[in-house]
Every structure is written in structure tokens, then in C-alpha cells.
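The values are calculated or read from the model by the stated rules, or taken from the named source; none is laboratory data. From a predicted model like this one, the values you see are computed outputs, not experimental measurements. Every residue, glycine among them, receives a Cβ derived from its backbone with ideal geometry; neighbour counts consider all protein chains shown. Surface accessibility is based on the protein's heavy atoms, side chains included, excluding ligands, DNA and RNA. Shrake-Rupley method; radii C 1.70, N 1.55, O 1.52, S 1.80 Å.
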Amino acid sequence: MTSSQVNRNQTIGWMSVGAALGLVVTLGGYFVLASLSNQSGDEGSRSNSVGFSDSSNQSSSILSSNQSQTTESEIFTADRPPGDAWNELVADELPNVAQLDLLVRIAKEWTDEAGFEVIQRINDSLTDPIVQNAVIGSIVHHASQTDAESALQHALKLSGPVRDLALSAVAAAWVSLNPIQAMNEVSAIEEGSVRRQMLEKLVRTWAEHDPKTVLEDLELLPENLRELGEREALLALARTDPEGTVAFLQDISDEELKFSITKELASSWSAIDVHAALEWALSDDIHTNDLVLTMILGKMAREDPNFALQTALSQPIDNALLGLEVAVIGEVAAIDLELAVGMLSQVRDGLTKFFSYSTIGKFLARDNDIDRIHSLALGLPEGEREAYYNQVVQQWAASQPESLVAQLDNLPSIDNKYQASMNLVRRNVGTNVLSKSEMEYVRSFLPDDYNSETGRRNQRYTDPGLTEEQAEQVQDHFRRVLEEGSQVWFREGVRVGDKESESKPL
């Protein structure tokens, strides 16, 4: 398969998992982002959770409403030092995550009263990494708005993941106040590794915060960080203003960067206005390519599948001999399999048809629709059916392993049975979804040296020194072994160079 084909197929897979991956990242950064979102105005927000409003109130639902009110009224008294309130709160029997809003409020008051020196004490008193990250990130960001330089020095005294978070918090606050001053101050740090780390954070944060200004004032950045600033700013701008980013493409000389920007444009713009994104992709022959069109058409396929298909069909077959309708059918099949099946009659012949049929075959395998798996194969040229089944059995083994076991003998070729059996063994490793008798049957289609515990062969199928003709002889013999249905030793001598090499047992 060519690299272009691989990219096209990977794109289909990325579209399927992108939403799930985004959800995981969002949940992982939930508490940190919530803490960093709080800027100033602590005094005016005492009646609410500082920086956590709804989210921390949901966490606090672990407590009864009476407990929450009683705890807050006891903790906050007019003459009580925030340090004492902090020590009592972290030592009580209630989970700290349920008191996150109170912890953030007290930590900020304590820092305001006692200075940045208490940041380390606050950090050391917390054991839950989620609470630790949220509290430290919030108070360092808060402290940075008063004295970013001192906040930086105290953040550097921390260790582990929370140190990196604190440095990011300093960078975020400093850039929002005065990015040029931040650059100048950080550039004076003597320790080289710290200086580089903080400068990169400042550049990345500034680019995310104000990408247009960074692009206009690239010369204000340290020379060795201008490329980074341009890249991060363009990516940020593509996410927030994809239409406005197009004008910058013509000035980008780095082809790799241009490719990254166009991908980000395709992703962001299609999420905002897929029709506008498609219009751009179809009209801009210089900056767009088949991957960009594939991404946009994948999104369009979920909103207007028939329009997406007709658009794909109107585009020429690419250099890899693959039409864009493959991507459309894959996306449509994920939400409406019957509609996708109906589209197959319109796909173009060749590899386009093969991969379109294989994609649908995988979905049929997922649903255990055995009859249609076999009938779909008949719609392909006879020479492509073996490859079709080899594609389908991968999903079949993953989704319906017992069904595939029952169908092993009905697969049309020896190679199909071999590929299906390998996939079944790998599926069974660590899951044991198949019974002993089923595994014995599966193993009858595999060579003797295939390890059903690991899903791999114990040794190479052929010696690497074999010629193509000699390797083909080994393959033919292996096929005969399977066809005869017996386990035999392959002892035919195979000459490699000037010496006789004893063949491995199958």
C-alpha cells in the first residue's frame, strides 16, 4: 500500500476516534483549567467559589448542604488567620476534592497575607494530585498578577509535575499583563535550562493568547524562538479564525508547517462551517490536498452525506488510484450503514471500489451480518476477494470472534483462513473469549511454531537469506500443508548461497 493510501486510511480512523480522544484530554485537564481561568476580583466573589463556580459546587455535592455551610462559616471568621483555616481544612475527614473551592480561596488569602513563601507549604500539605494542581495553579497565577518575578522564583523551587504547572501559570499571567516585559525579564535568568524553558512557555502562551500580535511582531521574539512563535500563533489562529488564517498561507515557505496549518484549518473550519471549509478546499489548489479534502468531506458526510458523496465523485482519482468517496462511505457507515451500502453502486472501480467494499465489510462483521459479508465479496472481481476477506477478518475477529471461528472453513482461500486464525489468536490473548475446543480448531489452521499464548510465531517463517523463488517454494509447501489438513515437518533442503540450509518446521 502506498504512503498516500496509508494516510487516507489513517484519516478515516482518526475521524472515528477524535471525539473520544478530545473527551479524555478535556477531563484530564478539567481542574487545572478551572483554576487558571480565575484572574482577579477575589474580594468581590467571596459568596461564590473562586474560579470554580459550577464545577466545584458539583464536587461539593459530596457533602450535604448543611455540612458545606457549617464548614464554611466555621472556617471563615473575621479574626481567624488563613493559615489556621488551611490547616484545619486539609486535616478534616472530608475529601479535599469536595472542598476545592474553599481550599483555593484560603490558599489565595494566605498567600496575600504571608507572601509567596507559603506556596511550598501549601503544596507539601496536599496529597491528591488533582487538588494539588488546581490549588497551586490557581494561587501561582493569582500571585503572578501582583509580582510575576517573585512568583517565578518560588515556582522554580517546586518539583515534579506541579512545578511545570506553576511555571505555566506564571507564563499565562505574565503574558496577559505585559508579554514584552516578561520576555525581557526571563531572558535575564542565568540558569540556561530554566531560561529556555520559560521563554518557550512564554512564546507558546502568548501565541495562544494573542496570535495576531505575535505574527505581526515576530521580530520582538528571541531569534531562536521566532519559528516556534510563528508556528504556535498560526495554529492558534487557525483554531479561532480559520478564514483569516488563509491569507498567511502564501507567506509560509516551510512546507511541513504549511501542511500542519492546512490540516488545522480543515479541522477547525469544518467544525464551524463545513460548507465554507469545503468551498475553500475546492477553490484553493495551491494550499489544499487530498488529505485536507478527506477531512472536510468526512465532516460533511455526517451533515449532508449525499452532497459529500457527489462532491467526492467529482474529484479526480489521486496518484494512489484512490477516490475520495472511500472516506465519505466510511464516515456514513458509522452513522447509517444501510445508506452507506446504498452508496456502493456509485463508487469508482479499482482500489476505490475495493477499499469501499472492505470498509463496509468491516462494519458488517461488527454487526455479525455473515450473509452480507459473503454476498458483498461477490461484487468484487474474483482476484480481489481474497484481499477483501483479509481486510474484513481483522474486524470480524475483534467484534465477533466466535462467529468467525464458525466461519473459518467457509472462507474462500487458505490465506484467508490463516489470516483469520492469526487474528483470532491475537484477540484471545489476555481475554480468553474462545473455549479450549475453539482454540484447538483455530490452531489447526496455523503452523506448528505459532504461539497461541502470545499471538506470534516463535521464529521467522523463512530465512532472510532466501531468494524470492525459494521463499515462494516455502509458501507453496505451507499452503499444501494446510490443504492436506495435517501437521508435518518441512524438511526439504533449501540452498542458500553455497550452503544447504535445513528448513524450519511449520
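So if each residue of separation counts as 0.36 nm, and I subtract the Cα-Cα distance between S403 and S159, what length gain in nm does that give? Numbers along the way, then the final one.
On the way: separation 244, 0.36 × 244 = 87.84 nm, distance 5.33 nm.
Roughly 82.5 nm would be gained on extension.
Can you list the lysines whose alpha carbon is less than 24 Å from that of K362, not counting same-chain residues fewer than 8 positions off?
In chain and number order, the partners are K299, K353, K417.
Label-point separation (nm) for E117 and T431, each offset 7 Å from Cα along Cα-to-Cβ?
Using points 7 Å along Cα→Cβ, the separation is 6.0 nm.
In what sequence, highest mean first, do 271-279, 130-138, 249-257 appear when ranked by Cβ atoms within 10 angstrom?
Values: 271-279: 16.4, 130-138: 24.6, 249-257: 11.9.
By packing density, highest mean first, the sequence is 130-138, 271-279, 249-257.
Using a cut-off of 25 Å between alpha-carbon atoms, which lysines can reach K157, once sequence neighbours fewer than 8 places away in the same chain are excluded?
K108, K201
Starting from the Cα of F259, step 7 Å along the direction of its Cβ; do the same at D92; then give the gap between the two resulting points in nm.
My value for the distance between the label points is 5.7 nm.
For the residue pair E149 and S193, what label-to-label distance in nm results when each label sits 7 Å from Cα along the Cα-to-beta-carbon direction?
2.5
With the other protein chains left in place, how much accessible area per residue, in square angstrom, belongs to segment 233-305 at a 1.4 angstrom probe? Before the final figure, lay out the partial values.
Numbers: 3280 Å² over 73 residues.
On a per-residue basis, 45 Å².
Quote the FRET efficiency, to the nearest 0.05, computed for Q310 versus E243 with a Förster distance R0 of 22 Å and r equal to the Cβ-Cβ distance.
Details: r = 25 Å, r/R0 = 1.12.
For Q310 and E243, the calculated efficiency is 0.35.
Suppose R0 equals 25 Å. What FRET efficiency, 1/(1 + (r/R0)^6) with r the Cβ-Cβ distance, do R226 and I272 give to the nearest 0.05? Write out the running numbers ahead of the final one.
Numbers: r = 29 Å, r/R0 = 1.15.
Efficiency at R0 = 25 Å is approximately 0.30.
Could you sort 428-435, 140-147 so that the peptide with the highest average Cβ count within 10 Å comes first and the rest follow in order? List each step's numbers first, then the result.
On the way: 428-435: 13.2, 140-147: 21.9.
Averaged packing, sorted descending, gives the order 140-147, 428-435.
Would you mind checking segment 280-302 for residues with the amide N under 17 Å from a putative spin-label position 7 Å along Cα→C-beta of D336?
Under cut-off, by backbone N: 297-302.
Taking a probe of 1.4 angstrom, what is the accessible area of W206 in Å², to the nearest 10?
Number for this one is 10 Å².
Just read off the accessible area of F248 with the full protein assembly in place, 1.4 Å probe, to the nearest 10 Å².
70
At a 1.4 Å probe radius, which order do Y388, Y418 fall into by accessible area, largest first?
On the way: Y388 0, Y418 30 Å².
Output order, biggest surface exposure first: Y418, Y388.
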